[in-house]
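Written below as structure tokens is the structure these notes are about.
The values are calculated or read from the model by the stated rules, or taken from the named source; none is laboratory data. As the structure is a computational prediction, the values presented were derived from the model and not from experiment. Every residue, glycine as well, gets a Cβ built from its backbone with ideal geometry; the counts of neighbours run over all protein chains shown. Accessible surface areas use protein heavy atoms only, side chains included; no ligands, DNA or RNA. Shrake-Rupley method; radii C 1.70, N 1.55, O 1.52, S 1.80 Å.
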Amino acid sequence: MDMLGGITAHEFLRDYWQKKPLVIRQAFPGFECPVSPDELAGLACEEAVESRIVIENDSGKPWQLHNGPFTPERFSQLPAEDWTLLVQGLDHWVPDIADLLDHFRFIPNWRLDDIMASYAPKGGSVGPHYDMYDVFLLQAQGHRRWTFGGHCDHTSPRVQGTPLRILSSWDGEETVTLAPGDMLYLPPGVGHYGVAEDDCITLSIGFRAPTLDDVLTSFTDYLSQTDSATHHLDDPDLQVQENPGTIGPDVIDRLDTVIREQLGDRRNLALWFGQFATAPKSMDIVVPADEPAEPDDLAEAIRCGEQLRWNEGSRFAYHDLNDETALFVDGEQYLLKGDARPLAPLLCAASRLDMTALAEFSDDEALLGLLTNLYNLGSIYFE
């Protein structure tokens, strides 16, 4: 793949993914950033957009964090150098930014976090740090000097007096300067430090895996809402005990059996994970259509060749079960059977749907109803 410097997606996943950094010169030749610094500042003033400003030396305090939304006047109060504006979830608000994600579809949809924009004048940085997710750092405007390398974790020394995870004793192993179109891949836990050499914008395409705490907490919450969760433990073979305070091994055995039965249900596990992994990060963008459509409206638009695409904040995934396919969209599940099953991979393959293939399903009343429902919920829309 040209985006990966000439190596294939298979080679990248085998040799670099979660293993070691990779510098890719001109991953996107001639790249021009779809958003300007002023537009990023404007987004940072919006209530629904997550934004932050990091100032390296804020009245004598190191690496201070300020959370948005901001007022326009806030930007005129910033120093000339050594600060950074971060705008999270930029792909949710800018379709041209969301289109970048189609270049990364060799990584499963459920692993995607979002695209964050980092604008900085000369000297701007968020400090030497590490992240616990995979990230592709695409230089979109200007130049940024990156020093990176070495594994870091919670035991790595940090700068005091800042809410940020700034490394206090770290030198890195390699230094490169990225120009527009260049990209740096970093696995989780690798220390890195990027400093703007001029007015620059870096796009961080992040891929995050859930923590074990997230998995255990969310899955058990899901199980507690199933019908079987209302059942009580039974003990028809209860025996007289010598001491009523004893919790006997048979009780623990029974608990062990019940918990293993619940946790061992792979169907429940798959249905939970699909919903969990596709829950949208922002409920402010996946909103119902202004004018709900009827199935006939959607069928006519499909016949006319209009282009459907995902809402920029929506998440699509699917899982094949034994005799059905579970489609997951924005935290909801839809079970497809028989001839309907191929619709799930079609809807999940790319942000712009293959309309020729989709037209073959539009004559099915139930599937047309599903598409209409996704449209009315705001998960898909016509460009």
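Observations on the model:
- Short-range pairs are left out: with C-alpha atoms under 8 Å and at least six residues apart, the relative contact order of the stretch 77-199 is 34 percent.
- Taking the stretch 11-29 and a reference point 7 angstrom along Cα→Cβ of residue 2, the backbone N atoms nearer than 11 Å belong to 27-29.
- Rounded accessible area of residue 53 (nearest 10 Å², 1.4 Å probe): 0 Å²
- Straight-distance candidates among the aspartates and glutamates for linking to residue 337, with alpha-carbon spacing under 17 Å and chain neighbours fewer than 8 residues away dropped: 320, 323, 324, 360, 363, 364, 365.
- Zone residues, the stretch 357-382, relative to residue 350, backbone N less than 12 Å from point 7 Å out along Cα-to-Cβ: 357
- Residue 49 contributes about 10 Å² of solvent-accessible surface, heavy atoms of the protein only, 1.4 Å probe.
- Measuring with a 1.4 angstrom probe and ignoring ligands and nucleic acids, residue 318 comes out at about 100 Å² accessible.
- Computed from the alpha carbon atoms alone, the convex hull of the stretch 1-44 holds 113 Å³ per residue.
- If you take the alpha carbon atoms of the stretch 1-129 and fit the smallest convex hull around them, that volume is 135 Å³ per residue.
- Once you divide the Cα radius of gyration of the stretch 166-324 by 2.2 N^0.38 Å, the number left is 1.74.
- Tail weight of P(r) past 25 Å, computed on alpha-carbon pairs of the stretch 104-224, percent: 30 percent
- Centroid-to-centroid, using Cα positions, the stretch 240-291 and the stretch 295-334 are 27 Å apart.
- Diffusion coefficient, µm² s⁻¹, Stokes-Einstein with Kirkwood Rh over alpha-carbon pairs of the chain at 10 °C and 1.306 mPa s: 67 µm²/s
- Treating each Cα of the stretch 249-342 as an identical point scatterer and summing with the Debye formula, the log10 of I(q)/I(0) at q = 0.24 Å⁻¹ comes to -1.20.
- Per residue value of the accessible surface for the chain (all protein chains in place, 1.4 Å probe), Å²: 52 Å²
- By accessible area, using a 1.4 Å probe on protein heavy atoms only, the stretch 32-153 has 48% of its surface on carbon and sulfur.
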